[in-house]
1. Distance in nm between label sites at TYR34 and GLU136, each 7 Å beyond Cα in the beta-carbon direction?
2. Kindly provide the helix-only [θ] at 222 nm of the chain, computed as the sum of -39,500 (n - 2.57) over DSSP H runs of four or more divided by all residues, to the nearest 500 deg cm²/dmol?
3. What fraction of the Cα pairs in the range 11-118, stated in percent, has a spacing above 15 angstrom?
4. Anything over 22 Å Cα to Cα? Flag those among LYS2/LYS124; LYS2/LYS188; LYS124/LYS162; LYS109/LYS175; LYS5/LYS56, in the order listed.
5. Considering all projection directions equally, how large on average is the shadow of the alpha-carbon convex hull of the chain, in square nanometres?
6. Over all alpha-carbon pairs of the range 1-67, lay out the pair-distance distribution in 5 Å bins, whole %, shortest bin first.
7. So, in nm, how far is label LYS176 from label GLN87 when the simple model puts each one 7 Å beyond its Cα toward the Cβ?
8. Compute, for the chain, the length of the dipole vector about the Cα centre, with Cβ point charges of +1 (Lys, Arg) and -1 (Asp, Glu) only. Units Debye, rounded to 20.
Amino acid sequence: MKSVKRLDEPQSLKQNAAVWTQELLNEIARVGNYSKVSDSFKGKYNQPDVKNELAKMYNNRCCYCEGALGEQTYGRVEHLKPKSLPQFYDLTFVWENLHWSCEICNTNKGKKWNSKFPILDPTKDNIDDHIRLNVESGEYEIVNGSRRGETTIEHTQMNRCKLVEARRKVAFRIKKDFFRKDEKDRKKYLEETLADVEEFRYPCVVMETCNLLEQLLEC
Ligand SMILES: [Zn+2]
């Protein structure tokens, strides 16, 4: 998981968010129960320009686990503040609340919310201040006892077995290639790997592994 810069608000939201929000709130009041409100009111954020901008913003990866989207799984519009909680009904179409995630993280998080120590926002928080990837174990760890980091790992189940396994594989591959190189070529290998970091699965794993190996070079 890493910090990203939010792109500009897509046109469809700029033009319609206020009206859609009012229509949704009216409908919730009319039927008296959010779960009975039709998707034609709740799901209007699913616009092509919204999805395109989110995919671009996150380089078509899940904002939490960095899994690649659009190959085996569709990307999902993720509401950081859950849209099905009454206090956040009015954030359903607010651009600053929208992110891009895989189905698993999206489902894991569901409507979990911790108001005291909220989940980290990749567009607002410096992720590295709260959680850090341990490439040896493949798990995310909390930095300086961050309670928000703890919420983030818990709500998304960021240390689920399959992910930990996948991260360890990526790290293993890089380490293996690194040690196969002649010593004189290792620095260059790390530089080239880092330059192409977005081409790999789980770029954060690649970055952390390269940083670790770079320290070895300096020893
Ligand atoms: Zn994910």
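Each value in this text was obtained by applying a stated rule to the coordinates, not by laboratory testing. All figures in this text were calculated on a predicted structure; none of them were measured in a lab. All Cβ positions, even for glycine, are placed from backbone atoms using ideal geometry, and neighbour counts span all protein chains on display.
1. If labels sit at TYR34 and GLU136, their model points lie 4.3 nm apart.
2. -14000 deg cm²/dmol
3. Working: 3693 of 5778 pairs.
Here the tail beyond 15 Å accounts for 64 percent of pairs.
4. In this structure, LYS2/LYS188; LYS124/LYS162; LYS109/LYS175 lie more than 22 Å apart at Cα.
5. Values: hull surface 53.4 nm².
The Cα convex hull of the chain, projected and averaged over all directions, gives 13.3 nm².
6. 3, 16, 19, 16, 15, 15, 11, 4, 0
7. According to this spin-label approximation, the distance is 4.8 nm.
8. On the way: 37 positive and 35 negative charges, 126 e Å.
Here the chain has a charge dipole of around 600 debye.
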